[in-house]
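Right, one structure below, let's go through it.
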Amino acid sequence: MSGQRAAAEPYATRFETEVTAVDGNSVWLETTYFYAESGGQPADRGKIGDVAVEDVQQIDGEHVHILAETPPFRAGHRVMCSIDWSFRMYCMRAHTASHVLYGAGRRLLDDLGYGGFDIGTEKVRVDFETTTDIDDDVLVELDELLNRAVWESRPVSWESIPVSEAREREFIAFNEATEEGAFNRGQVRIVTIGSENDNGTTTNGSSDPWDVAACGGTHVRNTREIGPVTILERSNPGDGLTRVEFAVGPRAIERRAAEKRATFAAKTTLGADVESIPDNLTSILAKQDELEARNSELESTVVETALRAESPDRYGDESWIVTTIDGIEPEGLGDAVRRASVTSADGLAVVGETEYTFAVVRSDGQRDASELIDVLTTTHGGGGGGSAAFAQGGGFDDSKTAIVDGLEALLTDE
């Protein structure tokens with residue numbers, strides 16, 4: 001059947017055939033080796049005659065070739081067809097790599113199920129259904145197993161078997177919803193990544209195949225043809241799913257080069273060998289946390305001392321300290337004011353300045369700190385917010401002096 005030829009003979013890229021029908025820029029052929037978009041694999045590119053093929057879809061069991069323009073030929077004409085080999089081979093490599101990745105998942109992930117995949121021009125994604133948390137360590141293990149299987153030159157084969165037989169084989173990744181192109185009239189196409197290398201000797205002491213899956217896509221004959229491949233990242237597209245994205249070919253090489261540059265830069269900066277980088281970074285981060293904690297304590301001491309040196313002023317029924325403190329970032333000043341143990345005032349309003357002017361307000365009395373910040377930002381620009389007990393604002397259009405005057409005016413009015 002013409003719909004299966006691309007998958008059955010993926011290395012066929014030139015053929016002559018008869019045009020059976022033309023409707024505008026839609027063309028039907030007696031025989032076709034063009035792959036129709038299906039199951040996450042894009043349609044082949046190429047030409048029919050001299051006209052570019054933009055898309056291929058399977059409609060009512062027939063391949064419909066969508067051309068870039070209305071063709072000069074008609075039904076009954078014979079045409080020479082050519083498939084873009086570069087893109088076809090990219091899809092063959094990418095699709096086969098997705099099977100190899102799933103095979104790696106079989107060895108690392110619990111309660112594994114297949115959630116689908118998609119081949120993009122820059123990267124490929126495979127969706128795993130699994131109860132395993134695919135963290136960075138697992139991602140590296142998947143990448144290592146994937147590349148080992150490529151290096152081991154495992155044979156790739158395909159065959160059609162009865163659907164009933166396929167359902168009885170527990171090892172087959174079998175998902176009719178995501179691999180509709182694999183099923184045809186009670187038969188299902190099975191793609192197998194073998195357990196032996198090209199010398200016919202086992203690589204892992206086991207006769208079990210690396211992966212077996214129902215699939216209607218195009219594949220290479222041996223994993224070594226996949227070439228450079230690297231995992232890029234992971235995400236969570238839905239409940240119970242983990243999406244793993246990878247690249248093959250030039251994009252994979254570029255990613256590996258970027259990773260090496262980053263690794264070598266870290267090696268030079270840390271003055272350590274590659275294997276010691278993680279331990280060195282852990283040590284540096286621990287020291288950074290220690291320094292940040294010590295700095296936070298010092299900032300709190302500075303703020304506490306400055307506030308205790310101030311005499312509260314009366315504003316209505318409450319006493320407030322309104323002052324400025326320089327040299328501390330907004331977050332640090334906010335934390336210090338929040339923790340300050342000053343008990344001589346009902347409220348604290350502190351104005352600071354780094355890249356911009358900001359204010360921190362703490363109310364231990366009846367006044368609403370967030371309302372003060374809201375009015376302040378309305379009058380002087382910027383933004384902020386918080387609660388009745390504590391609020392912050394910044395990015396004001398005016399100077400520290402103007403903000404202090406504004407706070408005192410607000411407290412006086414109330």
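Structure summary
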quantity: Hits among lysines - C-alpha to C-alpha of K267 under 28 Å, sequence gap 8 or more where chains match; calculated: K287
quantity: Most to least accessible of R74, R314, R169 (protein chains only, probe 1.4 Å); calculated: R314, R74, R169
quantity: Gain in span if fully extended, E329 to S157, counting 0.36 nm per residue against the direct Cα distance; calculated: 55.6 nm
quantity: Which of K47, K260 is most accessible, then next, and so on - probe 1.4 Å; calculated: K260, K47
quantity: Total charge dipole magnitude, the chain, about the Cα centre, Cβ charges on Lys, Arg, Asp, Glu only, Debye to nearest 20; calculated: 2260
quantity: Estimated distance in nm for a label pair at E254 and Q187, the labels positioned 7 Å out from Cα along Cα-to-Cβ; calculated: 4.1
quantity: Ranking by accessible area, most exposed first, for K123, K287 with a 1.4 Å probe; calculated: K287, K123
quantity: Angle in degrees between helix 369-380 and the longest Cα principal axis of the chain, rounded to the nearest 10; calculated: 80
quantity: Stretch gain in nm, segment D313-D110, where the contour uses 0.36 nm per residue and the Cα spacing is subtracted; calculated: 66.5 nm
quantity: Carbon plus sulfur fraction of accessible area for the chain, probe 1.4 Å, in percent; calculated: 45
quantity: Charge dipole (debye, nearest 20) of the range 41-188; +1 at Cβ of Lys and Arg, -1 at Cβ of Asp and Glu; calculated: 920
quantity: Estimated FRET transfer efficiency when R0 is 60 angstrom, pair A52-T343 (beta carbons, to 0.05); calculated: 0.15
quantity: Simple spin-label estimate for T412 and T282 in nanometres, 7 Å along Cα-Cβ; calculated: 6.0
quantity: Area of I226 that stays accessible when all protein chains are in place (1.4 Å probe, Å², to 10); calculated: 0
quantity: Contour minus Cα-Cα distance for D136 and S235 (0.36 nm per residue); calculated: 34.5 nm
quantity: Positive-end residue, the range 290-331 charge dipole about Cα centroid, Cβ charges, pick of V302, I328, G316; calculated: G316
quantity: On Cα atoms only, tilt of 400-413 relative to the major axis of the chain in degrees; calculated: 70
quantity: The chain: calculated mean residue ellipticity at 222 nm from DSSP helix runs of at least 4, using -39500 (n - 2.57); calculated: -11000 deg cm²/dmol
quantity: Spatially proximal lysines relative to K260 (Cα-Cα < 20 Å; intrachain offsets below 8 disregarded); calculated: K123
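The values are calculated or read from the model by the stated rules, or taken from the named source; none is laboratory data. Keep in mind it's a predicted model, so treat the numbers as computed, not measured. Virtual Cβ from ideal backbone geometry, glycine too; neighbours counted across all protein chains shown. Surface accessibility is based on the protein's heavy atoms, side chains included, excluding ligands, DNA and RNA. Shrake-Rupley method; radii C 1.70, N 1.55, O 1.52, S 1.80 Å.
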